[in-house]
Amino acid sequence: MPADTRDARVAKVSHLLDDKRLLGIQKQPGVLAVLAFYEGFPVKSTGIGDFEQVAAVAEDFLRAGEKMAGDLKMGGLGQVTLEGGEKKCIIVPYGDLFLCLITKADMNLGLIRLAIRNLQAMEQR
């Protein structure tokens with residue numbers, strides 16, 4: 001990617017990467033880590049984790065979810081949630097990026113969804 005294009009892309013999403021925005025999500029009860037990613041590459045993260053691996057896996061998961069939603073004629077993909085025995089993974093659109101949240105298994109999904117909607121609404125203003 002040429003430097004001009006890359007610089008324009010960074011400028012376009014730089015407000016999305018404000019530490020306060022991501023930390024506001026991570027401070028929600030039960031949230032362990034938050035990752036902003038683009039095309040399988042980590043862009044910004046808070047918390048502890050192997051974010052290179054998480055971004056790559058989240059991208060694969062996102063693409064599979066988009067294909068499934070399309071095949072089932074569900075409309076645009078709004079959120080992907082994976083629940084395991086010890087943790088949950090939530091992937092949501094965030095401007096031109098996506099967010100991947102890693103949470104404890106017993107956290108309240110409703111509160112997290114509300115915090116995500118508030119963050120997404122900030123982006124649209």
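Worth pointing out:
- Extension gain for the segment residue 48 to residue 81, taken as residue separation times 0.36 nm less the Cα-Cα distance, is 9.9 nm to one decimal.
- 3J(HN,Hα) couplings calculated from phi for the stretch 95-109 with the Karplus curve 6.51 cos²θ - 1.76 cosθ + 1.60 (θ = phi - 60°) are, in sequence order, x, 7, 10, 10, 9, 10, 10, 10, 10, 5, 5, 9, 6, 7, 4 Hz; Gly and Pro show x.
- Modelled FRET efficiency - R0 22 Å, residue 114 with residue 74, Cβ distances, 0.05 increments: 0.50
- Candidate lysines for bridging to residue 104, where Cα separation is under 20 Å - those fewer than 8 sequence places away on the same chain excluded: 27, 87, 88
- Size of the stretch 22-124 as Cα extents on the principal axes (Å, biggest first): 35, 31, 27
Values in this text are rule-based calculations from the coordinates and carry no lab data. Predicted model only: the values in this text are computed from it and were never measured. Because the Cβ atoms are built from the backbone with ideal geometry, glycine has one as well, and the counts that use them run over all protein chains shown.
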